[in-house]
Structures are given as C-alpha cells and as structure tokens.
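Chemist: Provided herewith is a single structure, encoded as structure tokens, for subsequent inquiry.
The values are calculated or read from the model by the stated rules, or taken from the named source; none is laboratory data. Model, not experiment: these values are computed from the prediction. Note that we place each Cβ from the backbone using ideal geometry, even for glycine, and neighbour counts take in every protein chain shown. Note: accessible area is taken over every heavy atom of the protein model, side chains too, but ligands, DNA and RNA are not part of it. Shrake-Rupley method; radii C 1.70, N 1.55, O 1.52, S 1.80 Å.
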Amino acid sequence: MQTSSKQNVLVLDFGSQTTQLIARRVREAQVYCEIHPFNISIQRIKAMAPKGIILSGGPSSVYDEDAPKIGTEIFDLGIPILGICYGMQLTSLLLGGQVERSDHREYGHARLIIDDTDEIFHGLLAGEPGHQVWMSHGDKVEKIPEGFIVLAHSASCPVAAMAHAEKSIFGVQFHPEVAHTEIGMDVIRNFLFRVCKCTPDWTMESFVSTTVEEIKRKVGNGRVICALSGGVDSTVTALLIHKAIGKNLVCVFVNNGLLRKNEPETVLAFLKQFDLNVVYVDAEERFLQKLKGVEDPEKKRKIIGNEFIEIFEEEASKTGHVDFLAQGTLYPDVIESVSFKGPSATIKSHHNVGGLPDVMKLDLIEPLRELFKDEVRRVAKELGMPYELINRHPFPGPGLAIRILGEVTHERLNILREADHIVLEEMKASDWYWKVWQSFAVLLPIKTVGVMGDERTYDHVVALRVVDSLDAMTADWSKLPYDLLGRISNRIINEVRGVNRVCYDISSKPPATIEWE
Ligand code: XMP
C-alpha cells in the first residue's frame with residue numbers, strides 16, 4: 001500500500017521496549033505514524049516528508065561503544081523533533097550539551113515540575129505539586145546544548161524536559177507514551193498539533209474508504225484468492241477486498257479437523273451474510289491421516305503447515321486464473337527495526353495461514369500492513385463484525401493438535417472439543433472470557449484413577465489454561481474465582497465421558513509458554 005502521500009510522523013527506533021507504544025499513542029491521536037530503524041538514511045526521511053520525528057528511548061548509554069547514533073543533519077531538516085529518554089540524551093550530546101553517565105538505571109514514578117508551559121506543556125499546570133510521570137533511565141542531561149531552555153525538572157533530574165528556543169526540537173526524559181505518565185497524551189498531542197501542525201485525519205473510517213479504493217486500483221479486473229481462518233485478521237482482510245472487488249475474491253476456508261466445537265459452522269454462517277465467495281474444504285481426514293502416530297509438537301506443526309499449503313494450492317488451481325494472494329499481515333510483522341521480537345518469538349515455529357507466497361508466486365495484497373491489532377479490531381467494527389467475533393481469543397494455526405499432548409486421534413479430539421466447549425461456555429456466562437487473554441482446555445497424555453458412583457475409573461486428565469497478557473510475549477495465569485473453577489471442573493468431569501480429573505495450570509510465561517506444545 002502506498003503510504004507516502006499521507007501525512008506521516010516518523011518514530012525512529014533506538015531499541016526501546018515502548019517504541020510500538022509511541023506509534024500507537026500517535027495513532028490514537030488520529031495521526032498516521034510509522035516506525036523506522038534509527039539508521040534510516042536522511043534521503044529516505046526527506047522523501048517521506050514527515051510532519052514530525054520522534055526519537056525513541058533505548059537501552060543503551062550514549063557513551064556505549066556500539067550505541068545507536070544518528071547524524072546531526074536530522075536537526076537541520078526543519079522538521080520538528082521530539083526526543084524521548086535516550087532520544088533526548090542523544091539530541092543533547094549531538095548538539096553540544098553534556099550527558100552525565102550513570103552506572104545504574106532509575107525506574108519508576110517521579111513528579112515532574114513544569115517550568116514552562118509553552119508548546120509541549122501547553123495547557124498543563126506549572127510548578128508544584130507537579131505531575132506524575134514514568135522514568136526509566138541511566139544517563140541524564142547535565143548541561144543543555146546552546147540555544148536550548150529547560151522546560152521541566154524533577155527531584156533527581158534537573159533537566160527533565162528541554163526545547164530549542166527557536167527550532168522545534170524537544171526532549172523529554174520521562175516516557176509520555178506509557179499509561180503511568182498521566183500527562184503523556186497531552187504532551188504527545190501538543191507535539192503533534194501545536195508543534196507539527198498535524199491534522200487528525202487517521203480514522204478507521206477513512207482507512208476503509210482509502211484502502212478499498214487502493215485495492216480497486218491495484219486489482220482492477222483481476223482475481224484474488226484468500227485463505228480464511230475465521231480469525232479477525234483474515235476475516236477483515238477478506239471483507240475489505242470483497243468491498244472493493246466483490247465476487248472476484250475467492251476465499252478458501254480449510255476445515256483441518258482441528259478446530260473448536262461448532263467453529264466451522266459459526267464461521268461459515270457469519271460469512272454468509274456478507275455474500276462472500278467461499279470455498280469450504282473439509283479436510284479433516286487428510287490432516288488426521290498425516291498426523292497418525294505423530295507425537296512431537298514441532299513435527300505436528302510442520303505437518304499441519306505443509307498440508308495446509310498443499311490443500312490451498314490445490315484449491316487455487318481449481319478456481320482458475322488468479323492474480324493476487326491476500327494476506328492478513330499486520331504492522332508489527334512489517335516493521336524492520338532493532339528491538340521488537342524477543343527471543344520467545346522463535347521458540348515455536350508458528351504456522352499460520354501465512355507462509356504461502358513463496359510457493360504460490362502470486363502478487364501479494366496485504367490491506368492490513370499498516371495496522372496495529374487494536375486498529376484491525378476497530379476496522380472490523382466499522383465493517384459490521386459483531387463484538388463476539390472481533391474480541392474472541394487468539395486460536396493457534398495448528399489448532400487443537402497442539403492442545404492434545406501426544407498423538408491426535410478422533411477420540412481425543414472429541415474429548416478435548418467437549419471439555420473446551422464447557423470452558424468457553426462457563427467463561428462467557430461469567431463474563432470472565434472478555435477479561436482474559438486466552439482460555440482453553442488441554443488434554444494430557446496420561447490417565448489417572450478416579451471413582452464414579454461405585455465404579456473405579458481410569459480416565460484422562462484435562463488441564464485448564466487461562467492467562468492474562470497484553471501481547472502474548474509474557475503472560476500470567478488468571479486468578480479466576482474458585483467457584484468458577486469449581487463449576488468448570490464439575491461440568492467437565494460430569495459431562496465429558498473419558499475425563500475424571502481437571503487441573504488448573506498456574507504457570508506464567510516465561511518460563512512456561514501459553515500453549516502446552
Ligand atoms: P506461546 O505458546 O508461544 O503462544 O506462549 C503465544 C501466542 O501464540 C499462539 N500460538 C500460535 N499461533 N500458530 C499460531 O497461529 C502457532 O503455531 C502458535 N503457537 C502458539 C498462542 O495461542 C498464544 O496466543
């Protein structure tokens with residue numbers, strides 16, 4: 001998608017954990033924003049003609065040998081700049097100020113006393129008692145560069161914010177992007193609207209209309225094929241393309257037999273109302289045949305991924321000529337930058353409906369490339385998807401196969417489906433479903449002894465996994481009320497034949513992962 005024509009603010013990433021958060025805050029203010037690595041060339045910056053540039057924080061000291069640095073030309077472009085934390089220290093150092101080196105980091109709340117309410121602190125209270133802000137820094141600015149003034153201080157930080165008196169260059173030592181900084185959005189808005197003179201035109205309504213136009217232009221009379229999983233990303237992708245080209249979009253929905261109870265029916269029923277051109281493939285037996293005797297989690301993932309690609313290709317060749325492959329790639333997967341994906345991103349190989357283009361040799365259409373997940377949900381709402389579907393929990397590509405430890409068989413799938421269905425019913429009935437990140441049942445590869453009536457039983461164990469998380473990179477087990485846990489356990493043991501014990505998984509990630517395989 002073409003992005004250069006619209007008003008844009010750049011965030012240059014110096015490795016901070018909160019770089020994406022900065023971009024999301026800017027977009028919350030309805031200004032489009034892109035993240036780029038700190039070492040992007042000055043020519044590319046000029047070509048993009050951003051309305052403003054934000055230099056992110058980062059873990060380095062400006063004095064580290066391999067500290068990420070930029071040239072000073074950026075300060076001569078006449079484009080407003082806001083340096084956050086490391087971004088401010090670097091600005092100070094590059095423009096001739098002094099940065100005091102520290103061998104320990106200072107984390108936590110601080111009270112910011114504003115000394116000057118022009119520009120970025122416009123409309124905020126100056127002087128005591130100050131404002132609560134979040135700091136996380138080692139080094140700090142000791143002496144501001146020539147031409148700068150101090151805008152704010154805190155008890156431990158004499159220069160907590162600074163500005164060049166004439167050029168629009170600002171620095172803040174605290175993090176305006178995090179929720180703990182109460183005045184954070186005010187500072188960001190002031191920078192965007194007072195300093196950069198942006199207009200708030202990034203709305204999901206405008207996104208839908210411009211994207212539909214772009215798809216029309218790009219595809220013309222061509223045909224597009226799209227793999228639908230029923231998840232929000234692939235569904236929104238399909239709905240956007242359908243809005244643009246109607247029946248020239250062919251959606252393939254593969255039932256791999258590893259879906260939750262009633263899942264294929266629910267998804268198909270939902271899609272029907274939009275009159276999408278959907279090819280439904282019942283491939284349960286094919287997948288189960290391939291998974292016969294396989295116990296290793298990574299092997300299961302590979303088999304499922306490969307089988308999916310094979311089926312998708314077969315269907316594509318049946319539909320006649322196609323020109324484009326649609327994918328629901330999101331912005332966090334696109335950003336080429338220094339930080340983002342921690343090591344956990346590669347611990348398990350993730351086979352989604354992605355991974356197709358190499359094989360298919362088709363041009364790609366990725367209408368969600370610019371969006372964060374929360375924006376996709378807003379587009380989904382705009383397109384008329386119901387709350388239940390938009391906000392449902394993530395479900396892994398390999399489905400129930402990685403929630404059945406050991407071999408995947410019809411019998412085990414049936415047990416897990418029933419148990420999992422009860423988990424979801426009770427979570428929804430108690431409203432806890434909407435408060436947690438994920439909730440599901442896992443079937444363990446062991447049997448234990450129990451007693452039912454006068455009979456001794458020797459049956460399966462189901463583990464219940466419910467976690468809180470913001471982005472799945474870390475997670476904590478949810479503190480569900482005991483009576484809810486009790487109800488789920490009772491119902492599973494009473495209603496699902498073959499299960500006589502339920503355990504609650506109380507491990508956090510790391511060191512555990514959310515899924516069991
Ligand atoms: P883990 O288990 O790695 O999961 O803590 C993190 C998030 O990713 C989901 N997940 C997957 N999603 N294909 C997917 O599409 C996969 O192979 C896969 N494995 C894990 C998991 O449900 C959680 O939301």
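Chemist: Does residue 386 satisfy the criteria of being closer than 30 Å to residue 210 by Cα, within 16 Å of the ligand (Cβ to nearest atom) and open to solvent by 40 Å² or more (accessible area, probe 1.4 Å)?
Modeler: No.
Chemist: Just one of (1) within 16 Å of the ligand (Cβ to nearest atom); (2) of a type outside the set (Phe, Trp, Tyr); (3) in contact with a Gly (Cβ under 8 Å, 6 or more places away or on another chain) trips up residue 456, so point out which.
Modeler: Of (1) within 16 Å of the ligand (Cβ to nearest atom); (2) of a type outside the set (Phe, Trp, Tyr); (3) in contact with a Gly (Cβ under 8 Å, 6 or more places away or on another chain), only one is false for residue 456: (1).
Chemist: Which residues, taken from the range 123-137, are over 14 Å from residue 175 (Cβ atoms) and either out of contact with any Leu (no Cβ under 9 Å at 6 or more places or on another chain) or open to solvent by 40 Å² or more (accessible area, probe 1.4 Å) (or both)?
Modeler: Selection gives 123, 124, 125, 126, 127, 128, 129.
Chemist: Separate question: What do you reckon, is residue 120 open to solvent by less than 70 Å² (accessible area, probe 1.4 Å) and more than 18 Å from residue 133 (Cβ to Cβ)?
Modeler: no
Chemist: Among the residues that make up the range 116-129, is at least one of them under 19 Å from residue 53 (Cα atoms), of a type in the set (Phe, Trp, Tyr) and not in a strand (DSSP E or B)?
Modeler: The answer is yes, given that some residue of the range 116-129 is under 19 Å from residue 53 (Cα atoms), of a type in the set (Phe, Trp, Tyr) and not in a strand (DSSP E or B).
Chemist: Restricting the search to the range 205-227, which residues are surrounded by fewer than 14 Cβ atoms within 10 Å (Cβ to Cβ) and more than 21 Å from residue 379 (Cα to Cα)?
Modeler: Correct list: 220, 221.
Chemist: So in the range 501-517, with the set limited to residues that are hydrophobic (A, V, I, L, M, F, W, C) and more than 9 Å from the ligand (Cβ to nearest atom), which one is surrounded by the most Cβ atoms within 10 Å (Cβ to Cβ)?
Modeler: Checking each candidate, the answer is 502.
Chemist: Here is a further query. Scan the range 20-48 for residues that are outside any helix (DSSP H, G or I) and touching a residue at least 12 places away in the same chain (Cβ under 8 Å) and jot them down.
Modeler: Answer for the range 20-48, where residues must be outside any helix (DSSP H, G or I) and touching a residue at least 12 places away in the same chain (Cβ under 8 Å): 29, 30, 31, 32, 33, 34, 35, 36, 37, 38, 39, 40.
Chemist: Sticking with this structure for a sec: So residue 158 fits all but one of (1) surrounded by fewer than 20 Cβ atoms within 10 Å (Cβ to Cβ); (2) in a strand (DSSP E or B); (3) touching a strand residue (DSSP E or B) at 6+ places or on another chain (Cβ under 7 Å); what number is the exception?
Modeler: So residue 158 meets the others, but not (3).
Chemist: Follow-up question, since we're still on this one. Could you tell me whether any residue of the range 484-500 is within 11 Å of the ligand (Cβ to nearest atom) and within 18 Å of residue 421 (Cβ to Cβ)?
Modeler: Within the range 484-500, not a single residue is within 11 Å of the ligand (Cβ to nearest atom) and within 18 Å of residue 421 (Cβ to Cβ).
Chemist: Does residue 402 fit the bill of being touching an Asp or Glu at 6+ places or on another chain (Cβ under 8 Å), among the β-branched types (Val, Ile, Thr) and within 16 Å of the ligand (Cβ to nearest atom)?
Modeler: For residue 402, the condition - touching an Asp or Glu at 6+ places or on another chain (Cβ under 8 Å), among the β-branched types (Val, Ile, Thr) and within 16 Å of the ligand (Cβ to nearest atom) - is met.
Chemist: Quick one: which strands (runs of 3 or more DSSP E) sit completely within the range 398-517 and have at least 1 residues that are free of Cβ contacts under 8 Å to residues at least 24 places away in the same chain?
Modeler: 438-452, 455-468
Chemist: Now for a separate question. From the list 187, 150, exactly one residue is among the β-branched types (Val, Ile, Thr), open to solvent by less than 10 Å² (accessible area, probe 1.4 Å) and either at pLDDT 95 or above or within 21 Å of residue 62 (Cα to Cα) (or both). Which is it?
Modeler: 187
Chemist: Here is a follow-up. Can you find, within the range 410-453, the residue that is least open to solvent (accessible area, probe 1.4 Å) among those that are within 16 Å of the ligand (Cβ to nearest atom) and in contact with a Pro (Cβ under 9 Å, 6 or more places away or on another chain)?
Modeler: Among those residues, the one meeting the criterion is 438.
Chemist: Go through the range 461-483 and give me each residue that's touching a Lys or Arg at 6+ places or on another chain (Cβ under 7 Å) and within 14 Å of the ligand (Cβ to nearest atom).
Modeler: Those that are touching a Lys or Arg at 6+ places or on another chain (Cβ under 7 Å) and within 14 Å of the ligand (Cβ to nearest atom): 474, 475.
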